[in-house]
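First the structure, in the form of structure tokens, and then the observations on it.
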There are 4 protein chains.
Amino acid sequence: MNSTAGRPLRVLVWGENRHEQAEPHVAEIYPDGMHNAIKEGIEENLGERVSVTTALLDDPEHGLTEERLAQTDVLTWWGHAAHAEVSDEVVERVHRHVLAGMGLVVLHSGHWSKIFQKLMGTTCTLRWRSENDRELVWTVDPTHPIAQGVPHPIEIPQQEMYGEQFDIPRPDEIVFISSFSGGEVFRSGITFRRGHGKIFYFSPGDQDFPVYHHKDVRRVIANGVRWAASDRPEREMPVLLRYETGDFFNGHGYEGAMRDRVGN
Amino acid sequence: MNSTAGRPLRVLVWGENRHEQAEPHVAEIYPDGMHNAIKEGIEENLGERVSVTTALLDDPEHGLTEERLAQTDVLTWWGHAAHAEVSDEVVERVHRHVLAGMGLVVLHSGHWSKIFQKLMGTTCTLRWRSENDRELVWTVDPTHPIAQGVPHPIEIPQQEMYGEQFDIPRPDEIVFISSFSGGEVFRSGITFRRGHGKIFYFSPGDQDFPVYHHKDVRRVIANGVRWAASDRPEREMPVLLRYETGDFFNGHGYEGAMRDRVGN
Amino acid sequence: MNSTAGRPLRVLVWGENRHEQAEPHVAEIYPDGMHNAIKEGIEENLGERVSVTTALLDDPEHGLTEERLAQTDVLTWWGHAAHAEVSDEVVERVHRHVLAGMGLVVLHSGHWSKIFQKLMGTTCTLRWRSENDRELVWTVDPTHPIAQGVPHPIEIPQQEMYGEQFDIPRPDEIVFISSFSGGEVFRSGITFRRGHGKIFYFSPGDQDFPVYHHKDVRRVIANGVRWAASDRPEREMPVLLRYETGDFFNGHGYEGAMRDRVGN
Amino acid sequence: MNSTAGRPLRVLVWGENRHEQAEPHVAEIYPDGMHNAIKEGIEENLGERVSVTTALLDDPEHGLTEERLAQTDVLTWWGHAAHAEVSDEVVERVHRHVLAGMGLVVLHSGHWSKIFQKLMGTTCTLRWRSENDRELVWTVDPTHPIAQGVPHPIEIPQQEMYGEQFDIPRPDEIVFISSFSGGEVFRSGITFRRGHGKIFYFSPGDQDFPVYHHKDVRRVIANGVRWAASDRPEREMPVLLRYETGDFFNGHGYEGAMRDRVGN
């Protein structure tokens, strides 16, 4: 039902790509980088309906130029060790594009990225442990498009634990809630709207475990990508405008806060 | 039911106090400043249950020092012409206190303040017109404590129009929806939780009209102040901690993103 | 993205069809009945993507047999003068189908139908006046698929007034809020999930005014029909089942509340 | 902040009281019945702020006469084996009182009671297992008054498992999410508003385990009772009324659906 009808959805998979370079055990699990595993998972599920490319932290402007974002329907975000290295200017740019209608899928440790924190307005903190917990991902919203085509629950044999309290605004929708063998729970699949943009956060996925090779995890990410694509035809920021009485359609630009605007 | 049981709620009314200085017609309506009208309205309704003070933009550190905020249960915020003059450092400080549990009541044009934008993560834009519209404030959540003691609707003879679309996250609760004589509608009384803090936004109120002298508007603001006071006994930020398996109560501080933390 | 991919969505437009028979001024506006105007509006917007039929109160079993409902993806409901004549048995049947995944679009005075009340659990009362108010329908959720393709606001020159308080559960989503020339406001486009079913309530539409001939109203109803279609492949009721430890996928039927079930 | 200021909150603890009679192992855990354990837990936490009485299924009219309900601020409900024995007339009566403003706290297997199903409009089914699981009750809404004064998580050594999917409308608030040693999760503390009434559902509590003797469970129930008490001064049902243009405060009774009301 979205606005791309007739052409493939343009998906940009953003990856930090540091663990894969610095830690051999990660490189072994993800020889082409996590970003390529994520890309493959989306293509595996959506085929010709998507056109997926990747961008990395170490690319110029992190691969997230104005031109690139303008050509992106949905951006996926994976970062962890180097959140602080993402430039504030690029974060502002991505923020503007989300508010203007670009979809955003934030993955796993991306919960602590600058862009997610900026969109949420909270600390986005949680409790965690990386000790080979088993994660079970339970669907609590069976009507949601993101929950289609996966078992209830999804079983992930080895995972980092993310537990409540997850310091986020109340989600628009809670699609999945996870439990971990240690007993913790987590709102692991949640949606938000911000401006004209749709955001899906999905916590399963870690550098130390082969989670992005998991069939069901890949299906959820692909579902999330489709869901996050805007139904609106244009990319535009919300604006503050003055409307005269009886004219609902022609807003004026804002001209300052004081009444006697010309004089002041 | 909140944590201040036994002592008055400490309320800090923050005012920009510029229109009152620069515009004679505003000074006439609010000879003691809007901040004092707001203060009186809270005292009028809550009496000995509150201890209300004021702080102004032109005070040192805008009157919002660490010490002052630590002694504040609920902060109310009115700003308009000088949002840009509020220092980023103070905004960060207020943000931390809200996430740690300080209540926040944002009034009228405070929708476009730095602190509200930072907490919302959106542009907080809307449509507006200052032309003597009549505003009707309808209660849509009759069970909400903030809606108690006011007529349905509240009638405000003269008001600036604020209309949808209001670019905010989906509110936790919509208490009031307003209509204006020009035909516009607005979600005029809405709540949010962020971190450990509770936030109430209430749009009626303007420098050009005597809205802060309106009995029902004053009652709503007082109700909002009571509601925003935290039920938690302590002021503390959410934190990210590691918890070992089986130990649910003793978290460790975070020590970095890479696995071999000491070695790296 | 829904489960009907490859075949048209089967839409059943249900109409009470009494005003059209009893009141000449209604028959003049809707010579083929309101149900046919609604049907045409859906076809006008969705074309070959839908197959639309109608059923009427005076049909045997109100045209809502088990077989008919089983072949229906989305049911639209218009009733007013004869809510009480709808048999409880048929209401139970429609309720089961909604919980099992059939979409439901409830129109205008359908807010007081047995089926809507049963799904909501509340009185579904409101304030009203039929006096030629102008209604403005404002989009408050610009990302919602139901809000696509219509102006902001939709202008309806003549309409019955429906005003708050509307006694409904908090909606999952508020897509539209209306104002009326008399000053009232109404949550006029709202969604709910119940069981595996999706429900859209849309208030514009009345027997006394030509609202179902209004281009934008027709577009919203068509959008609502598409949205309400289930993404789940099967029609099935939620069930209560016992699951043994470690077996997440094979539930047993419930065998009674007392522990010694065989003995009792 | 509620309307009972100055007098104790009148709480009525309703119990089915069948397991205690029929099953010796239950009578051993709850020698005075579960209803009295629940009553004691509320009194233990709220002391003189409450006046608690009990009513049982086998009382005349189940102890829920019009007079009794009119004198009740908050009703708590525990039923399991005999949901079907609760008369429809009494269910209607309780339903009316909830919509008119009586608070309702539904406990554990009360999820499948007639009154809860009627208020929810769904099947209220779930997955379950009674096998000595450990339950951990995690707070996900740290600002909520119901979550105050209990550890995060609450540990319940032995409990029946209740797991998702829980077929309920999207809750207004999710206060607690539980995990079970078997790996299941459950939205175990949730709130709803219906009409003028506030409803809290809390799942911990079972006839086979001493859960209602658990200090933290008792605290949550007491918190829930306080929260569910109405802030509105009067007990009144929402009604459908006609309001003339410009008169916002004097509604007329409804006089029938057809236009020419007198003539018809």
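The values are calculated or read from the model by the stated rules, or taken from the named source; none is laboratory data. For clarity, every value in this text was computed on a predicted model and none was experimentally measured. Note that each Cβ is placed from the backbone with ideal geometry, even for glycine, and that neighbours are counted across all protein chains shown. Only protein heavy atoms, including side chains, enter the accessible area calculation; ligands, DNA and RNA are left aside. Shrake-Rupley method; radii C 1.70, N 1.55, O 1.52, S 1.80 Å.
Just to be sure before I move on: is residue D:77 at pLDDT 95 or above, in contact with a Ser or Thr (Cβ under 9 Å, 6 or more places away or on another chain), in a strand (DSSP E or B) and under 30 Å from residue A:122 (Cα atoms) in the structure I sent? Before the answer, list the steps.
Values: at pLDDT 95 or above: yes; in contact with a Ser or Thr (Cβ under 9 Å, 6 or more places away or on another chain): yes; in a strand (DSSP E or B): yes; under 30 Å from residue A:122 (Cα atoms): no.
It is false that residue D:77 is at pLDDT 95 or above, in contact with a Ser or Thr (Cβ under 9 Å, 6 or more places away or on another chain), in a strand (DSSP E or B) and under 30 Å from residue A:122 (Cα atoms).
For region C:134-145, a residue qualifies if it is farther than 15 Å from residue B:180 by Cα and in contact (Cβ under 8 Å) with a residue 12 or more places away in the chain, and the qualifying residues are C:139, C:140, C:141, C:144, C:145. Any chance region B:136-151 includes a residue that's among the small types (Gly, Ala, Ser), within 9 Å of chain A (Cβ to nearest Cβ) and assigned to a loop (DSSP other than H, G, I, E, B)? Checked against the condition, which is being among the small types (Gly, Ala, Ser), within 9 Å of chain A (Cβ to nearest Cβ) and assigned to a loop (DSSP other than H, G, I, E, B), region B:136-151 yields no hits at all.
Do we have any residue at all in region B:184-202 that's in a loop (DSSP other than H, G, I, E, B) and surrounded by fewer than 22 Cβ atoms within 10 Å (Cβ to Cβ)? Working first, answer last.
Taking region B:184-202 first, the residues in a loop (DSSP other than H, G, I, E, B) are B:184, B:195-196.
Okay, now just the ones that are also surrounded by fewer than 22 Cβ atoms within 10 Å (Cβ to Cβ), so none.
No, that holds for no residue.
For residue C:166, state whether it is open to solvent by less than 10 Å² (accessible area, probe 1.4 Å) and facing chain D (nearest Cβ under 8 Å). Spell out how you get there, then give the answer.
Details: open to solvent by less than 10 Å² (accessible area, probe 1.4 Å): yes; facing chain D (nearest Cβ under 8 Å): no.
No: the conditions fail for residue C:166.
Applying the condition of being within 14 Å of chain B (Cβ to nearest Cβ) and outside any loop (DSSP other than H, G, I, E, B) to region A:219-247 and asking which residue is farthest from the chain's Cα centre (by Cα) yields A:242.
Taken together, the residues in region D:203-218 that are among the basic types (Lys, Arg) and either in a loop (DSSP other than H, G, I, E, B) or in contact (Cβ under 8 Å) with a residue 12 or more places away in the chain (or both) amount to 1.
Which pairs turn up if I take residues in region B:113-126 that are at the interface with chain A (Cβ under 9 Å from one of its Cβ atoms) and look for partners that are among the hydroxyl-bearing types (Ser, Thr, Tyr) and buried (at least 24 other Cβ atoms within 10 Å of the Cβ) with beta carbon separation below 8 Å, at least 6 apart in sequence or on another chain? Here the result reads B:126/B:162, each pair linking region B:113-126 to a residue that is among the hydroxyl-bearing types (Ser, Thr, Tyr) and buried (at least 24 other Cβ atoms within 10 Å of the Cβ). From B:131, B:85, which residue is among the charged types (D, E, K, R), within 10 Å of chain A (Cβ to nearest Cβ) and touching a residue at least 12 places away in the same chain (Cβ under 8 Å)? Sole residue among the options that is among the charged types (D, E, K, R), within 10 Å of chain A (Cβ to nearest Cβ) and touching a residue at least 12 places away in the same chain (Cβ under 8 Å): B:131. Selection over region B:25-54 of residues that are open to solvent by 50 Å² or more (accessible area, probe 1.4 Å) and either touching a Pro at 6+ places or on another chain (Cβ under 8 Å) or more than 14 Å from chain A (Cβ to nearest Cβ) (or both) gives a count of 9. How about region A:1-22: which of its residues are at pLDDT 95 or above and either β-branched (Val, Ile, Thr) or in a loop (DSSP other than H, G, I, E, B) (or both)? Of everything in region A:1-22, those that are at pLDDT 95 or above and either β-branched (Val, Ile, Thr) or in a loop (DSSP other than H, G, I, E, B) (or both) turn out to be A:8, A:11, A:13, A:16, A:17, A:18.
The residues on offer are D:216, D:208, and the sole one that is farther than 15 Å from residue D:72 by Cβ and either away from chain C (no Cβ under 14 Å) or crowded, with 20+ Cβ neighbours inside 10 Å (or both) is D:216. Within region C:55-87, the set of residues being open to solvent by less than 20 Å² (accessible area, probe 1.4 Å), closer than 12 Å to residue C:115 by Cα and not aliphatic (A, V, I, L, M) comprises C:76, C:77, C:78, C:79.
Residue-by-condition table, conditions (1) among the hydrophobic types (A, V, I, L, M, F, W, C); (2) closer than 14 Å to residue C:212 by Cα; (3) touching a Phe, Trp or Tyr at 6+ places or on another chain (Cβ under 8 Å):
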{"site": "C:11", "(1), (2), (3)": "yes, no, no"}
{"site": "C:18", "(1), (2), (3)": "no, no, no"}
{"site": "C:29", "(1), (2), (3)": "yes, yes, yes"}
{"site": "C:36", "(1), (2), (3)": "no, yes, yes"}
{"site": "C:39", "(1), (2), (3)": "no, yes, no"}
{"site": "C:51", "(1), (2), (3)": "no, no, no"}
{"site": "C:56", "(1), (2), (3)": "yes, no, yes"}
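Scanning region D:98-113 for residues that are assigned to a helix (DSSP H, G or I), buried (at least 24 other Cβ atoms within 10 Å of the Cβ) and in contact with a Lys or Arg (Cβ under 7 Å, 6 or more places away or on another chain) gives a single hit, D:98.
Which count do you get for residues in region C:80-96 that are part of a helix (DSSP H, G or I) and either small (Gly, Ala, Ser) or modelled with pLDDT under 95 (or both)? It would help to see each step written out before you state the result.
In the first step, residues of region C:80-96 are kept if they are part of a helix (DSSP H, G or I); the result is C:83-85, C:88-96.
From the residues that got through so far, the ones that are either small (Gly, Ala, Ser) or modelled with pLDDT under 95 (or both) too are C:84.
Here the count works out to 1.
The residues on offer are A:57, A:99, and the sole one that is closer than 30 Å to residue A:239 by Cβ and modelled with pLDDT of 95 or more is A:99.
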